[in-house]
Amino acid sequence: MNQVYDVLIIGSGVVGSAVAREFSRYRLTIGVLEKELDVCCETSGRNSGVLHGGFTYKTGSLKALCSVEGNEEFDQVAAELDVPFKRTGKVVVGFTDSDMQSLLKYKAIGEANGVPGLEIIDRQRLEKLDSSAGGEFAMYSPTSGILNPFIYTVALAENAKQNGVEFYFGREVIGITRKNDIYEIITNKDVYKTRWVVNCAGLNSAKISTMLGIEGYTIGGFKGEYFVLDKKVGKFLNMPVYPAPGPTGGFATHATPTVDGNVLIGPDSALVDDFADYGVTSPAMEKLIIDGQKMFKHVKREHFIRNFSGIRPKLINIETGQILDFVLESRTEAPNAINLVGIESPGVTSALPLARRAVALLREKETLLPNEKFNPNRKGILCFAKQSDEVKKELIAKDSNYGEIICRCETVTKAEILQAVHNCLGVETVLGIKNRTRVMMGRCQGGYCETRIAEIIQEELNKQATEVLYGRGGSTMFTGKVRG
Amino acid sequence: MAIINKDVVIIGGGPAGLAAAVQLRKKGIQDIVIIEREKQLGGILRQCIHDGFGLTRFETTLSGPEYSQRFIDLVEEMNIKYITDATVIDLTPEKKVVIVSKKGLLEYQAKAVILTMGCRERTRGAISIPGTRPAGVYNAGVAQSYINLHNTMVGREVIILGSGDIGMIMARRMTLEGARVKAVFEVLPYPSGLPRNIQQCLEDYDIPLYVSHTITKIKGHSRVEGITVSQVDENMKPIPGTEKEYDCDTLILSVGLIPENELSLACGVELDDRTKGAIVDENYQTTVDGVFAAGNVLQVHDVVDFVSLEAEALADSVAEYIKAGTLMYCKINIITDTHISHTIPQKISGEKDLKICMRVKKPFKNCKIDVLQNNIVIKTVTMKKAIPAEMIQIKIKKTDLKSSDIIKVVVA
Amino acid sequence: MNKEYTCIICPNGCEIEAQIAGTTVLSIEGASCTRGRLYVEQELIDPQRNIATSVFVKNENIPLVSVRLTHTIPKNRIFDVMNEIKKITLTAPIVINQVVIKNVLGLNSDVIATKHVCV
């Protein structure tokens, strides 16, 4: 295409979407190139969904600064973007003396980072906070919370779109050249031109960085597997329960309630080569049960609904194996490029603070004029199931599609599904609808509603059966009609 | 919200709900409503287009839709009220039923509630099959719905996990529509469906069945590309070194049915851990007064004719309940030995003739099922062959019962 | 010689052991009713089967009507019959037992609708 964008962002995970939203506050033409068919398909959608307190990161590091900043502002962010968020607090539990040493260490780091309210608590207090938690004692972090990372990313992206950002899905960047101060970004489908590039490619950020001319980064993919537990046991867990970090830092398998009432058990950690392989493995599953039960006493096989995995894009020092801080930079080797590399946890918490720092890097080189039409507020899809009977009645009276329940397990109505199908980003996949409405996430995992969702997609978007995609490019669900 | 009083609310308009409604009317109960979430009555039978239904009841072999139509015709003839496209979202222990429909939120205050919601399929996630999550993995019932109701074909090169009846029926169905079903794998050491289905669904079409096998990996990035299969040991654990790879674009799962009791739990009904259905007495009354259950939501059935009989027996009791306001207290428990998975009912009064439904946990040849009270055999059933896939029914007369002691059912 | 059969006539699925000589049944064991022997005899000369499938309906809401055969047909003609069924398009209204194909391929079985389809 011939248009020269002011800014093109590569990757629409939580960071790319946050960057898009923050840049849309200014008078710039902005586009986002995403290789998958929806936002939030990789790391951003495959994690514990925690708003971190910020106490495990080296004082003064970007991870520390951004997570504390992101944590503090999130009530307002959640209100602006209309996303579910619960500031539940978190307990990091311990059993042994060395666990206690670890907790004291992180309490001190947290306080140095400006994390408020950290306290060491005993079993009695721990019981009162969360009686299902394992552990003899704990560090309590009252500012930690839980959110839905997918809905958060969608909200950021939709707000960006509403404020003028264009999204291009199914565009994998395969090459970048620079000519006459303009970047040419070559994708598997077409070529885009832009003055500025922002690399938000997560697992592929080192690859894109190299394409930009900034060499030397290595991303280590650390795969973590999770189990999702039934909402039946979700009501027993008030807040995330994490084990005290071991000598290498970082959290092992923990138990995290979700904003929807499920529980996540995981993740474990294993270095992998293939960043596209999200397969879940048997040995990991067995271990998750054992480790999970230490944190949350209600972990039982019969409550498992499904499992999934994510791959953490850790920036590593290839010689020492050390995990490095976030990289957010602009270098002379790549003028007008903003390079974000190695954004793993606390990436979700840090997304908007990182985005603002990206804006600051651009502002160093150019004057930015405000976008007068910028609206920070975005409305999500109203959740019918959570409304009172009075409101339910009003909704049905206004729109009879609220009276048709499609997903029985999660009580999701046709009205909500139609809104998801006609989302402003133009996403058309089954998983796109699932992630926006919670359909297919219940006990029957789509056994009842999937056929209806596929039908609605075909009707509303004028698609043939063979064009309905499950999630990824090429994920055709059907081979055609049976008759006719 | 105006609450409407109803004598009987039936949740689910499939074979059990329909049979219950018709029988209730025959017993003189007028004020009935059936709530059905689909656009039409019929339940799961709408998609079971193969024959084999109605052999005992109608002495002819019908397809699922024909069987249910016989009851739907009676419901229409008898002017029994039903609401379609309506989903029950809450049921209280006081028998308040809250329904979402296009007309708005409906609320019924019922004297009696009949639970006939059927069951759901066990999912891939619940059994945690390792591997990726591409398009092309379908539960057998979902594939059946796509093919028979939605005119949509789900795949061409098929592997099926689970030799339950639904899996075998789908093996035949997909083969008839031009798919190549390469194999059926079963984790147990014996097939879990009816033997006649092994013949007419698998052997007829040269589809091999491998028992003591399970799928240990699903492969494929966007769409299924293949699976890894392993043999399993006597504890159903995969044996390392026995892996075999199969190419396929579709994996059909037929790994069990679970009674759909979410509303029952909301209402406080106690479930039997063995059946995942309600604990009921000889009247099919659950542990909540005035709440009854029959059909697949109570125990997974193999033959729909028995579902109808069960629902009709339930309806007789509900009619009595409506007229008398209460039913006889049932305090005689029925327990089993370790060879038997469960009995329905789980408790009786001892004042009526009854029928015990049960299943064995593994196949037996030339066995006796003894019903004991106080270590005395009060009834024996001799069977040439007893398999888990076939429900066994034992008729007990009131006069067979010797006391009000616990009844034990064992494989002798 | 001895051969084993699973009778498919009814859900009992009796496992039958038959003594056969060529295409003659000498004796059988395991059948709960007389149809078992008839089944084995038929299997030896000309195995018969029923099939159920769907026919295309030109209709906005319901695209298919389920059909089955009124009588069994030779097992080796199943796919020939399927091909005939695939050629048909119907329009609503359709009633149960409506004949969709009379005497399909001269095999003495009709193809009938097993569902009502309203206009």
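The values are calculated or read from the model by the stated rules, or taken from the named source; none is laboratory data. This is a predicted model, so every value here is computed, not measured. Virtual Cβ from ideal backbone geometry, glycine too; neighbours counted across all protein chains shown.
Condition first: under 16 Å from A:GLU459 (Cα atoms) and over 25 Å from the mean Cα position of the chain (by Cα). Now tell me which residues in region A:405-438 satisfy that. Even if it seems obvious, please write down each step before you answer.
If we filter region A:405-438 for residues that are under 16 Å from A:GLU459 (Cα atoms), which is where we start, we get A:406, A:414-423, A:426-430, A:433.
Of everything in region A:405-438, those that are under 16 Å from A:GLU459 (Cα atoms) and over 25 Å from the mean Cα position of the chain (by Cα) turn out to be A:ILE406, A:LYS414, A:ALA415.
Residue by residue through region B:39-70, note down the ones that are crowded, with 19+ Cβ neighbours inside 10 Å and within 30 Å of A:VAL412 (Cβ to Cβ).
Of everything in region B:39-70, those that are crowded, with 19+ Cβ neighbours inside 10 Å and within 30 Å of A:VAL412 (Cβ to Cβ) turn out to be B:LEU41, B:GLY42, B:GLY43, B:ILE44, B:LEU45, B:ARG46, B:GLN47, B:CYS48, B:ILE49, B:GLY64, B:PRO65, B:SER68.
Are any residues in region B:147-190 facing chain A (nearest Cβ under 7 Å), buried (at least 24 other Cβ atoms within 10 Å of the Cβ) and of a type outside the set (Val, Ile, Thr), and if so, which ones?
So in region B:147-190, the residues facing chain A (nearest Cβ under 7 Å) come out as B:147, B:150-156, B:177.
Going one step further and asking which of them are buried (at least 24 other Cβ atoms within 10 Å of the Cβ), we end up with B:147, B:152, B:154-155.
Selection gives B:GLY155 alone.
Listed residues C:GLU60, C:GLU17, C:GLU41; which is more than 16 Å from the chain's Cα centre (by Cα), acidic (Asp, Glu) and over 25 Å from B:ASN197 (Cα atoms)? Walk me through how you get there before you give the answer.
Values: C:GLU17 fails: over 25 Å from B:ASN197 (Cα atoms); C:GLU41 fails: over 25 Å from B:ASN197 (Cα atoms).
Criteria check complete, one pass: C:GLU60.
Could you tell me which residue of region B:339-361 is surrounded by the fewest Cβ atoms within 10 Å (Cβ to Cβ), considering only residues that are in a loop (DSSP other than H, G, I, E, B) and touching a strand residue (DSSP E or B) at 6+ places or on another chain (Cβ under 9 Å)? Spell out how you get there, then give the answer.
If we filter region B:339-361 for residues that are in a loop (DSSP other than H, G, I, E, B), which is where we start, we get B:339, B:345-346, B:349-353, B:361.
Add one more test, that the residue is touching a strand residue (DSSP E or B) at 6+ places or on another chain (Cβ under 9 Å), and what stays is B:339, B:345-346, B:349-350, B:353, B:361.
Details: B:HIS339: 16, B:PRO345: 23, B:GLN346: 23, B:SER349: 19, B:GLY350: 20, B:ASP353: 12, B:LYS361: 15.
Restricting to residues being in a loop (DSSP other than H, G, I, E, B) and touching a strand residue (DSSP E or B) at 6+ places or on another chain (Cβ under 9 Å), the top hit is B:ASP353.
So in region C:44-54, with the set limited to residues that are outside any helix (DSSP H, G or I) and more than 7 Å from every other protein chain (Cβ to nearest Cβ), which one is nearest to the chain's Cα centre (by Cα)? I'd like the intermediate steps shown before the answer.
The initial filter retains those residues of region C:44-54 that are outside any helix (DSSP H, G or I), namely C:46-54.
With more than 7 Å from every other protein chain (Cβ to nearest Cβ) added as a condition, the list becomes C:46-48.
Values: C:ASP46: 13, C:PRO47: 11, C:GLN48: 7 Å.
Filtering region C:44-54 for residues that are outside any helix (DSSP H, G or I) and more than 7 Å from every other protein chain (Cβ to nearest Cβ), the one nearest to the chain's Cα centre (by Cα) comes out as C:GLN48.
Given the conditions (1) part of a strand (DSSP E or B); (2) more than 10 Å from every other protein chain (Cβ to nearest Cβ); (3) of a type in the set (D, E, K, R), report the number of the one that B:GLU234 does not fulfil.
(1)
Pairs please, first residue from region A:261-282 and outside any loop (DSSP other than H, G, I, E, B), second anywhere and charged (D, E, K, R) and surrounded by 21 or more Cβ atoms within 10 Å (Cβ to Cβ), Cβ atoms under 7 Å, 6+ apart in sequence or on different chains.
A:GLY266/A:GLU225; A:ALA270/A:LYS223; A:VAL272/A:LYS223; A:VAL280/A:GLU225
Would you point out the residue of region A:219-242, among those that are over 22 Å from the mean Cα position of the chain (by Cα) and either surrounded by fewer than 21 Cβ atoms within 10 Å (Cβ to Cβ) or away from chain B (no Cβ under 14 Å) (or both), that is nearest to A:THR411 (Cα to Cα)? Break it down into steps so the answer makes sense when it comes.
Initial filter on region A:219-242 (over 22 Å from the mean Cα position of the chain (by Cα)): A:232-233, A:235-236.
Remaining after also requiring either surrounded by fewer than 21 Cβ atoms within 10 Å (Cβ to Cβ) or away from chain B (no Cβ under 14 Å) (or both): A:232, A:235-236.
On the way: A:LYS232: 16, A:LYS235: 18, A:PHE236: 22 Å.
Looking at the filtered set, the residue picked out is A:LYS232.
In the set C:GLU60, C:GLU43, C:GLU29, which member is more than 23 Å from B:ALA179 (Cα to Cα) and touching an Asp or Glu at 6+ places or on another chain (Cβ under 9 Å)?
C:GLU29
Do we have any residue at all in region A:426-435 that's farther than 30 Å from A:GLY164 by Cβ and modelled with pLDDT of 95 or more? Before you say what the answer is, go through the steps one by one.
Keep residues of region A:426-435 that are farther than 30 Å from A:GLY164 by Cβ, which gives none.
No, region A:426-435 contains no residue that is farther than 30 Å from A:GLY164 by Cβ and modelled with pLDDT of 95 or more.
For region B:53-70: of the residues being among the hydrophobic types (A, V, I, L, M, F, W, C) and in a loop (DSSP other than H, G, I, E, B), which is modelled with the highest pLDDT? So that I can check it myself, show each step before the final result.
Going through region B:53-70, the residues among the hydrophobic types (A, V, I, L, M, F, W, C) turn out to be B:53, B:55, B:58, B:62.
Cutting the leftovers down to in a loop (DSSP other than H, G, I, E, B) gives us B:55, B:58.
Working: B:LEU55: 88, B:PHE58: 93.
Across region B:53-70, the extreme among qualifying residues is B:PHE58.
Exactly one of these conditions fails for A:ILE289: (1) within 14 Å of another protein chain (Cβ to nearest Cβ); (2) at positive phi. Give me its number.
Only one criterion is unmet by A:ILE289, namely (2).
Hey, can you tell me all the residues within region B:256-288 that are polar (S, T, N, Q), within 20 Å of B:VAL307 (Cα to Cα) and in a loop (DSSP other than H, G, I, E, B)?
Looking only at region B:256-288, we keep the residues that are polar (S, T, N, Q), and these are B:261, B:264, B:275, B:283, B:285-287.
Among the residues that remain, those that are also within 20 Å of B:VAL307 (Cα to Cα) are: B:261, B:264, B:275, B:283, B:285-286.
Listed by number, the residues that qualify are B:ASN261, B:THR275, B:ASN283, B:THR286.
Within region B:76-110, which residues are part of a loop (DSSP other than H, G, I, E, B), in contact (Cβ under 8 Å) with a residue 40 or more places away in the chain and within 14 Å of chain A (Cβ to nearest Cβ)? Steps first, answer last, please.
Narrowing region B:76-110 to residues part of a loop (DSSP other than H, G, I, E, B): B:78-80, B:84-86, B:92-95, B:102-103.
With the extra rule that they be in contact (Cβ under 8 Å) with a residue 40 or more places away in the chain, the set shrinks to B:78, B:80, B:84-86, B:92-93, B:95.
Residues satisfying the conditions are B:THR84, B:ASP85, B:ALA86, B:THR92.
Can you tell me which residue within region A:466-482, out of those that are of a type in the set (Val, Ile, Thr) and part of a loop (DSSP other than H, G, I, E, B), is farthest from the other protein chains (Cβ to nearest Cβ)? Explain how you work it out, then say what you get.
Start the filter on region A:466-482 by keeping residues that are of a type in the set (Val, Ile, Thr), which leaves A:466, A:468, A:476, A:479, A:482.
Then keep just the ones that are part of a loop (DSSP other than H, G, I, E, B); that gives A:468, A:479, A:482.
On the way: A:VAL468: 9, A:THR479: 5, A:VAL482: 5 Å.
Here the answer is A:VAL468.
May I ask you to list the residues in region B:1-36 that are over 18 Å from the mean Cα position of the chain (by Cα) and either assigned to a loop (DSSP other than H, G, I, E, B) or not assigned by TED's automatic domain parsing to the domain that holds B:GLU260 (or both)? Show your work before the answer.
Taking region B:1-36 and keeping what is over 18 Å from the mean Cα position of the chain (by Cα), we get B:1-9, B:21-35.
B:MET1, B:ALA2, B:LYS27, B:GLY28, B:ILE29, B:GLN30, B:ASP31, listed by residue number.
Do you know which residues across region C:55-64 are assigned to a loop (DSSP other than H, G, I, E, B), within 11 Å of chain A (Cβ to nearest Cβ) and touching a strand residue (DSSP E or B) at 6+ places or on another chain (Cβ under 7 Å)?
C:ASN59, C:PRO63
Out of (1) of a type outside the set (Ser, Thr, Tyr); (2) surrounded by 13 or more Cβ atoms within 10 Å (Cβ to Cβ); (3) more than 25 Å from the chain's Cα centre (by Cα), what's the single condition that is false for A:PRO370?
(2)
Limited to region C:2-21, what total is found for residues that are in a strand (DSSP E or B), among the aliphatic types (A, V, I, L, M) and surrounded by 14 or more Cβ atoms within 10 Å (Cβ to Cβ)? Before the answer, list the steps.
In the first step, residues of region C:2-21 are kept if they are in a strand (DSSP E or B); the result is C:2-6, C:15-21.
Next, from what is left, pick out any that are among the aliphatic types (A, V, I, L, M): C:16, C:18, C:20-21.
Those still in the list that are surrounded by 14 or more Cβ atoms within 10 Å (Cβ to Cβ) too: C:16, C:18, C:20.
Final tally of qualifying residues: 3.
Could you list all residues from region C:85-99 that are part of a strand (DSSP E or B), within 11 Å of C:PHE56 (Cβ to Cβ) and within 14 Å of chain B (Cβ to nearest Cβ)? Give the steps one after another, and end with the answer.
Step one: filter region C:85-99 for residues part of a strand (DSSP E or B), giving C:89-91, C:94, C:99.
Next, from what is left, pick out any that are within 11 Å of C:PHE56 (Cβ to Cβ): C:89-91.
Within region C:85-99, C:THR89, C:LEU90 qualify.
Failed condition for B:ASP73, given (1) assigned to a loop (DSSP other than H, G, I, E, B); (2) surrounded by fewer than 16 Cβ atoms within 10 Å (Cβ to Cβ), with all others met?
For B:ASP73, the failing item is (1).
Starting from residues that are touching an Asp or Glu at 6+ places or on another chain (Cβ under 9 Å) and outside any strand (DSSP E or B), keep the ones in region A:306-346 and report whichever is nearest to the other protein chains (Cβ to nearest Cβ).
A:GLY342
How many residues are under 19 Å from C:ILE8 (Cβ atoms), polar (S, T, N, Q) and in contact with a strand residue (DSSP E or B) (Cβ under 9 Å, 6 or more places away or on another chain) if we restrict to region C:65-98?
Residues that pass the stated criteria total 2.
Right, B:GLY141: facing chain A (nearest Cβ under 7 Å), out of contact with any Phe, Trp or Tyr (no Cβ under 6 Å at 6 or more places or on another chain) and within 18 Å of B:TYR246 (Cα to Cα) or not?
On the way: facing chain A (nearest Cβ under 7 Å): yes; out of contact with any Phe, Trp or Tyr (no Cβ under 6 Å at 6 or more places or on another chain): yes; within 18 Å of B:TYR246 (Cα to Cα): no.
Criteria not met by B:GLY141.
Would you say B:LYS182 is more than 18 Å from the chain's Cα centre (by Cα), on the phi < 0 side of the Ramachandran plot and outside the structural domain of B:ASP289 (by TED's automatic domain parsing)? Quick ask: steps written out before the conclusion?
Details: more than 18 Å from the chain's Cα centre (by Cα): yes; on the phi < 0 side of the Ramachandran plot: yes; outside the structural domain of B:ASP289 (by TED's automatic domain parsing): yes.
For B:LYS182, the condition - more than 18 Å from the chain's Cα centre (by Cα), on the phi < 0 side of the Ramachandran plot and outside the structural domain of B:ASP289 (by TED's automatic domain parsing) - is met.
So B:ILE239 passes all but one of these: (1) closer than 25 Å to B:CYS119 by Cβ; (2) away from every other protein chain (no Cβ under 11 Å). Which condition number does it fail?
Result: B:ILE239 passes all but (1).
Quick one: is A:LYS379 surrounded by fewer than 18 Cβ atoms within 10 Å (Cβ to Cβ), touching a residue at least 12 places away in the same chain (Cβ under 8 Å) and within 14 Å of chain B (Cβ to nearest Cβ)?
Details: surrounded by fewer than 18 Cβ atoms within 10 Å (Cβ to Cβ): yes; touching a residue at least 12 places away in the same chain (Cβ under 8 Å): yes; within 14 Å of chain B (Cβ to nearest Cβ): no.
Against the criterion (surrounded by fewer than 18 Cβ atoms within 10 Å (Cβ to Cβ), touching a residue at least 12 places away in the same chain (Cβ under 8 Å) and within 14 Å of chain B (Cβ to nearest Cβ)), A:LYS379 does not qualify.
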